[in-house]
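A short write-up of the structure that comes next.
The values are calculated or read from the model by the stated rules, or taken from the named source; none is laboratory data. Remember, predicted model here, so these are calculated numbers, not experimental data. Virtual Cβ from ideal backbone geometry, glycine too; neighbours counted across all protein chains shown. Please note that ligands, DNA and RNA were not included when accessible areas were found on the heavy atoms of the full protein model with its side chains. Shrake-Rupley method; radii C 1.70, N 1.55, O 1.52, S 1.80 Å.
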There are 2 protein chains.
Amino acid sequence: MCEIESAIGMFDSGIGGLTVMQRVMERLPNEQLIYFGDTARFPYGDKSPEVVRCYTRENAKFLIQQGIKALVIACNTSSAFSFKRLQEEMSIPLVDVIGPGAALAATKTRTGHIAVIGTEGTISSGAYQHALAAICPGKIRVTAIACPLFAPLVEEGFSDHAATHLIAEEYLGFLRSTDVDTLLLGCTHYPMLYSAIKKVIADHVALVDSATACAEALAQTLHCHAISRTTAAIHPHRYFVSYNPSKFCTHASAFLSIPPQEVSLVAS
Amino acid sequence: MCEIESAIGMFDSGIGGLTVMQRVMERLPNEQLIYFGDTARFPYGDKSPEVVRCYTRENAKFLIQQGIKALVIACNTSSAFSFKRLQEEMSIPLVDVIGPGAALAATKTRTGHIAVIGTEGTISSGAYQHALAAICPGKIRVTAIACPLFAPLVEEGFSDHAATHLIAEEYLGFLRSTDVDTLLLGCTHYPMLYSAIKKVIADHVALVDSATACAEALAQTLHCHAISRTTAAIHPHRYFVSYNPSKFCTHASAFLSIPPQEVSLVAS
């Protein structure tokens with residue numbers, strides 16, 4: 001198989017990474033994508049770094065076996081714990097969500113005060129805090145907030161439920177009395193909570209979605225490596241999960257403009 | 001070590017099993033207990049049967065290495081998928097939460113219509129449904145309801161939050177228009193949601209907690225095997241988790257009348 005005809009692999013702990021997939025489909029419409037959702041082991045957000053690294057390596061191995069030309073870690077927790085190590089081990093280009101998301105947020109802030117929200121794992125890893133500090137040393141203050149219930153609420157279809165609005169207020173309401181002007185959505189599930197989050201923060205705060213930034217970074221990476229497709233892929237996108245394909249199919253339609261027609265089950 | 005001086009081991013995916021531990025401490029105050037919370041891999045409720053069986057076996061092995069005389073599976077999902085297989089493999093008595101919980105619920109119902117709530121794994125396994133059918137063949141109707149957000153809400157300290165009341169209404173509100181008179185709490189986390197659940201079901205519905213039934217079954221099992229302690233244990237209870245001992249310590253005080261003084265971290 002010619003490299004340029006290979007697909008792009010991407011994975012997440014569940015369905016959240018589909019927000020990245022949607023952005024990649026919009027930015028790179030010629031590419032074939034292969035998505036793996038590790039639904040048997042969701043969520044990664046409250047797991048130990050060692051466990052997340054082990055899962056990440058297994059997921060990458062599975063997608064490489066499918067013959068991909070580039071890999072996207074479409075999961076913030078995996079990116080936080082595993083990106084650098086995995087990059088050293090891999091022979092194909094690797095793109096994550098944290099570096100591109102932090103870079104985009106840094107261009108938006110005027111007050112220099114950015115809030116980052118994510119899973120307990122992503123926040124406690126300090127990955128976004130370090131990435132922002134590296135981009136603008138000494139110029140950016142970061143308020144990092146773990147929101148461990150957000151991803152389960154999205155996975156269970158409660159994205160726009162009144163209960164989710166109350167939980168958003170609990171996690172984020174205090175930001176209204178700060179000078180935070182940029183809120184970085186540090187979990188691929190969170191774009192689904194856009195309206196719930198908008199309701200509890202000040203109107204002028206910009207919401208930055210790592211998925212958009214990640215899709216742009218992927219486009220640049222493919223271009224640099226001269227592996228972009230210029231004509232539409234022959235094969236359709238493919239979807240794999242490690243548990244409950246029918247539930248994945250049901251919820252995926254909320255994330256994707258063209259829902260999956262077939263989802264295959266693989267052993268985790 | 002004399003067998004009668006050994007401890008009783010018990011495990012759960014997180015802190016939920018502490019509801020069982022509290023009941024066991026009340027029912028068997030002389031016994032020393034060793035608790036393991038597999039917090040690195042919480043929750044088990046939406047994982048595949050194979051993954052849960054693997055975790056259950058690993059947890060049992062760890063506790064047996066501590067020199068226990070009996071083991072309690074203080075996790076409904078583990079009980080649902082693993083009890084029978086583990087029982088065949090073990091040389092010490094094993095007690096779960098499902099059989100005792102189902103038996104207690106069967107004694108309470110007058111209409112013969114019991115609702116069982118649990119994780120997605122517990123409910124889809126059909127374990128409670130089968131246990132109730134075996135106790136009273138053809139006499140009990142079961143309405144089984146998966147409540148996948150309940151355990152995460154408890155783990156995150158939202159047990160009595162307004163958001164939890166709304167989610168309880170979403171899951172259970174329809175029961176008010178049925179003849180269900182007994183609601184079986186098929187997850188060790190759920191006794192912490194007692195007041196939230198009470199608010200959304202009819203006053204006359206009896207809430208049955210598997211933890212109480214499990215403690216009674218354990219007392220009978222120890223008695224039958226002549227391994228009960230008649231004097232107070234010399235050693236204090238011991239606590240192990242696979243991730244974040246400090247978070248476990250913080251939340252444990254809501255579950256236990258005497259909170260743990262020390263929690264040890266072990267590799268999962």
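Inside the range A:71-85, can you point out the residues that are more than 12 Å from A:Tyr128 (Cα to Cα) and open to solvent by 10 Å² or more (accessible area, probe 1.4 Å)?
Step one: of the range A:71-85, the residues more than 12 Å from A:Tyr128 (Cα to Cα) are A:71-75, A:78, A:82-85.
The answer is A:Phe83, A:Lys84, A:Arg85.
Give the range B:61-78 a look and list any residue that's under 15 Å from the mean Cα position of the chain (by Cα) and away from chain A (no Cβ under 14 Å), or say none.
Once the filter is applied, which keeps residues that are under 15 Å from the mean Cα position of the chain (by Cα) and away from chain A (no Cβ under 14 Å), the range B:61-78 yields B:Leu71, B:Val72, B:Ile73, B:Ala74, B:Cys75, B:Asn76, B:Ser78.
If we scan the range B:139-156, do we find a residue that is more than 14 Å from every other protein chain (Cβ to nearest Cβ) and among the charged types (D, E, K, R)?
Yes: the range B:139-156 contains one or more residues that are more than 14 Å from every other protein chain (Cβ to nearest Cβ) and among the charged types (D, E, K, R).
Report, ordered by the first and then the second residue, all pairs with beta carbons closer than 6 Å, sequence separation of six or more or different chains, a first member in the range A:83-109 that is more than 15 Å from A:Ala127 (Cβ to Cβ), and a second member that is assigned to a loop (DSSP other than H, G, I, E, B) and open to solvent by 40 Å² or more (accessible area, probe 1.4 Å).
Correct list of pairs: A:Pro93/A:His225.
Those residues that are at pLDDT 90 or above and open to solvent by 30 Å² or more (accessible area, probe 1.4 Å), I need them from the range A:236-258; list them, please.
Answer for the range A:236-258, where residues must be at pLDDT 90 or above and open to solvent by 30 Å² or more (accessible area, probe 1.4 Å): A:Pro236, A:His237, A:Arg238, A:Pro245, A:Ser246, A:Cys249, A:Ser257, A:Ile258.
Out of curiosity, is B:Tyr239 of a type in the set (Ser, Thr, Tyr), in contact with a strand residue (DSSP E or B) (Cβ under 8 Å, 6 or more places away or on another chain), in a loop (DSSP other than H, G, I, E, B) and outside the structural domain of B:Phe158 (by TED's automatic domain parsing)?
Spelling it out, it is not the case that B:Tyr239 is of a type in the set (Ser, Thr, Tyr), in contact with a strand residue (DSSP E or B) (Cβ under 8 Å, 6 or more places away or on another chain), in a loop (DSSP other than H, G, I, E, B) and outside the structural domain of B:Phe158 (by TED's automatic domain parsing).
Please go through (1) of a type in the set (S, T, N, Q); (2) in contact with a strand residue (DSSP E or B) (Cβ under 7 Å, 6 or more places away or on another chain); (3) within 14 Å of chain A (Cβ to nearest Cβ) for B:Ser125 and return the number of the only condition it doesn't satisfy.
Condition (2) is where B:Ser125 drops out.
Consider only pairs whose beta carbons are under 8 Å apart and that are at least six residues apart or on different chains; among these, list those whose first residue lies in the range A:55-67 and is assigned by TED's automatic domain parsing to the domain that holds A:Leu33 and at negative phi and whose second residue is open to solvent by less than 30 Å² (accessible area, probe 1.4 Å) and charged (D, E, K, R).
If the second residue must be open to solvent by less than 30 Å² (accessible area, probe 1.4 Å) and charged (D, E, K, R), the pairs left are A:Tyr55/A:Asp38; A:Tyr55/A:Arg41; A:Tyr55/A:Lys47; A:Asn59/A:Asp38.
Any residue in the range B:8-27 that is within 14 Å of chain A (Cβ to nearest Cβ), surrounded by fewer than 23 Cβ atoms within 10 Å (Cβ to Cβ) and assigned to a helix (DSSP H, G or I)?
no
With the requirement that a residue be free of Cβ contacts under 8 Å to residues at least 40 places away in the same chain, within 14 Å of chain A (Cβ to nearest Cβ) and not in a loop (DSSP other than H, G, I, E, B), what does the range B:251-268 give you?
B:Leu265 - this is the single residue of the range B:251-268 that is free of Cβ contacts under 8 Å to residues at least 40 places away in the same chain, within 14 Å of chain A (Cβ to nearest Cβ) and not in a loop (DSSP other than H, G, I, E, B).
Condition test on A:Thr178, is it under 20 Å from the mean Cα position of the chain (by Cα), more than 9 Å from chain B (Cβ to nearest Cβ) and touching a residue at least 40 places away in the same chain (Cβ under 8 Å)?
Spelling it out, it is not the case that A:Thr178 is under 20 Å from the mean Cα position of the chain (by Cα), more than 9 Å from chain B (Cβ to nearest Cβ) and touching a residue at least 40 places away in the same chain (Cβ under 8 Å).
Before we move on, is B:Arg41 among the basic types (Lys, Arg), modelled with pLDDT under 95, crowded, with 22+ Cβ neighbours inside 10 Å and not assigned by TED's automatic domain parsing to the domain that holds B:Ala151?
yes
Please name all residue pairs, on different chains or six or more residues apart, with Cβ atoms under 9 Å, provided the first residue is in the range B:206-222 and is outside any helix (DSSP H, G or I) and the second residue is of a type in the set (Asp, Glu).
So the pair list comes out as B:Ala206/B:Asp181.
When B:Thr212 is evaluated against the numbered criteria (1) within 26 Å of B:Gly121 (Cα to Cα); (2) within 14 Å of chain A (Cβ to nearest Cβ); (3) out of contact with any strand residue (DSSP E or B) (no Cβ under 6 Å at 6 or more places or on another chain), which criterion, by number, is the only one it fails?
The number of the failed condition is (2).
Would you mention how many residues in the range A:44-56 are at the interface with another protein chain (Cβ under 8 Å from one of its Cβ atoms), part of a loop (DSSP other than H, G, I, E, B) and either under 16 Å from the mean Cα position of the chain (by Cα) or not hydroxyl-bearing (Ser, Thr, Tyr) (or both)?
2
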